[in-house]
Amino acid sequence: MKNILTDIVTHTHSLGFLPMVKITTDEDSTLIESLADDRSVIVNAKTVTRVDEFEGVFGMPNLDKLALHLKNPEYREDAKINIIKADRNGSRVPVSIHFENAAGDFQNDYRFMSSEVINEKLKSVKFKGANWEIDIEPSLSAITRLKLQSSAHSEEQVFQVKTDNGNLVFFFGDASTHAGSFVFQPNVSGTLKHTWSWPVQQVLAILSLDGDKKMKIADVGAMQITVNSGLTEYNYILPAQSK
């Protein structure tokens, strides 16, 4: 249980812009959804295997508190971390997580949101899909180069993406400011006819996560970064922004 909870917190709360998540579990799968307050990032994820301890629909608010419990040294070895369930409207649903150390003298309870509350607070934003002109697996060196350029242009909140001579190129700034660019991925098969902007902080945070990564870009103005942690496949969808 601790592993999947840590995985969820690491791929949502640790990014700094996803304040809560919605969990949906049916007979076959466990889905995870989240949304940035400014709607800059939409998250749709699915665990590799169904999480049997989860049932139905519930929310995880105050992820900073859950993260603190999971990092607490009292709960590192032989701790009891259990999902507490209760009857609600004729169904048995998860209501909290009980943390208890091996000695039983250090305890905490983290409470979930009900399905009604999380459905109201985190209204699902359905991504209808897109035709992806660009489909790549970003290399570590490409991500490092993005970090270098973002540091050199720390005043820029967004960067632009173009294809040029068969290369995927990221641009910072413009002719009226300090400017820079670099080839993020050479020899891509697709072509972008439009130039779109994406938020530097969010893209870098996602690309800095551990796990296998893929990046897709659609000419209609959508980017999807997929991160497979081994436990869950997370899809981060970023609508293009105005500069």
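The values are calculated or read from the model by the stated rules, or taken from the named source; none is laboratory data. Treat the numbers as computed from the prediction; the structure is a model and nothing was measured. Backbone-built Cβ (ideal geometry, glycine too); neighbour counts: all protein chains shown. Heavy atoms of the whole protein, side chains included, go into the accessibility calculation; ligands, DNA and RNA do not. Shrake-Rupley method; radii C 1.70, N 1.55, O 1.52, S 1.80 Å.
Which GluC sites (Glu not before Pro) from region 1-91 combine a DSSP loop assignment with at most 12 other Cβ atoms within 10 Å?
27, 77
Go ahead and set up a Gaussian network model of the chain, Cα springs under 10 Å, then flag whichever of 103, 175, 218 fluctuates most.
Comparing 103, 175, 218 in a Gaussian network model of the chain, the most mobile one is 175.
If the elastic network links every pair of Cα atoms under 10 Å, which of 191, 163, 49 fluctuates the most in the Gaussian network model of the chain?
Among 191, 163, 49, the largest GNM mean-square fluctuation belongs to 49.
Which of 206, 154, 170 sits closest to the plus end of the dipole of region 101-243, meaning its Cα is farthest towards the positive end, when Lys and Arg get +1 and Asp and Glu get -1 on the C-beta?
170
Taking +1 at the Cβ of each Lys and Arg and -1 at the Cβ of each Asp and Glu, which of 54, 18, 4 sits farthest along the dipole of the chain towards its positive end, judged by Cα position relative to the Cα centre?
Of 54, 18, 4, it is 18.
Report the semi-axes of the equivalent ellipsoid for region 99-176 in whole Å, largest first, where each axis is √(5λ) for an eigenvalue λ of the Cα gyration tensor. Don't skip to the answer; put the middle values down first.
On the way: eigenvalues 352, 99, 49 Å².
The equivalent ellipsoid of region 99-176 has semi-axes of 42, 22, 16 Å.
With charges only on Cβ, +1 for K and R and -1 for D and E, what is the dipole size of the chain about its Cα centre, in debye, rounded to 20?
The dipole of the chain has a size of about 480 debye.
Taking every alpha carbon pair in the chain, what does the distance histogram look like in 5 angstrom bins from 0, in percent?
1, 6, 13, 16, 17, 14, 11, 8, 7, 4, 3, 1, 0
Loop only per DSSP, at most 15 neighbouring Cβ atoms within 10 Å: give me the GluC sites (Glu not before Pro) in region 148-237, ordered by residue number.
Sparse-neighbourhood loop GluC sites (Glu not before Pro): 155.
Express the relative contact order of the chain as a whole percentage, based on alpha carbon pairs under 8 Å and six or more residues apart in sequence.
Over the chain, the number comes to 18 percent.
Grab the beta carbon distance between residue 127 and residue 2, set R0 = 25 Å, and tell me the FRET efficiency rounded to 0.05.
0.25
In percent, what relative contact order does region 91-186 have, based on Cα pairs under 8 Å that are 6 or more apart in sequence? Don't skip to the end; give the middle numbers.
Numbers: 89 pairs, mean separation 16.4, N = 96.
RCO, region 91-186: 17 percent.
Averaging the inverse of every distinct alpha carbon separation and then flipping it gives the Kirkwood radius. What is it for region 153-209, in angstrom units?
12.1 Å
Test of understanding: express the Cα radius of gyration of region 1-128 as a ratio to 2.2 N^0.38 Å, with N the residue count.
Relative to the rule-of-thumb radius for its length, region 1-128 sits at 1.05.
Just need the relative contact order of region 135-212 here, percent rounded to a whole number, with Cα pairs under 8 Å and 6+ apart.
Relative contact order, region 135-212: 33 percent.
What does the accessible area per residue of region 1-115 come to in Å², with a 1.4 Å probe and no ligands, DNA or RNA counted?
51 Å²
In cubic angstrom, how much convex hull volume per residue do the alpha carbon atoms of region 111-221 span?
Dividing the Cα hull volume of region 111-221 by its residues yields 157 Å³.
Using a Förster distance of 41 angstrom, determine the FRET efficiency expected from the C-beta separation of residue 96 and residue 201, and round it to 0.05. Before the final figure, lay out the partial values.
Working: r = 32 Å, r/R0 = 0.79.
Computed FRET efficiency for residue 96 and residue 201: 0.80.
Filter the trypsin sites (Lys or Arg not before Pro) in region 25-73 to those in DSSP coil with at most 15 other Cβ atoms within 10 Å of their Cβ, and list the result. Let's see the in-between values first.
On the way: sites: 39, 46, 50, 65, 71; in loops: 39, 50.
Those that pass, being in a loop and sparsely packed, are 39, 50.
Once the piece of chain linking residue 179 and residue 71 is laid out straight, how much longer is it, given 0.36 nm per residue of separation minus the C-alpha distance between them?
Length gained between residue 179 and residue 71: 34.8 nm.
Rounded, prolate or oblate: which fits region 54-146 when a ≥ b ≥ c are the square roots of the eigenvalues of the alpha-carbon gyration tensor, with rounded for a/c under 1.5 and prolate only if a/b beats b/c?
Since a/c reaches 1.5 but b/c is at least a/b, the shape of region 54-146 is classed as oblate.
My understanding is that a pair violates if its Cα-Cα distance is over 30 Å; which of 80/128; 128/162; 123/216; 46/85; 123/162 do that in this structure?
Flagged as over cut-off: 80/128; 123/162.
Under unit Cβ charges (Lys, Arg +1; Asp, Glu -1), what dipole magnitude, rounded to 20 debye, does region 42-128 have relative to its Cα centre?
640 debye
At q = 0.15, 0.23, 0.25 Å⁻¹, what is the log10 ratio I(q)/I(0) for region 35-102, with the Debye formula run over Cα points and no solvent?
For region 35-102, the Cα-only Debye profile gives -0.70, -1.18, -1.20.
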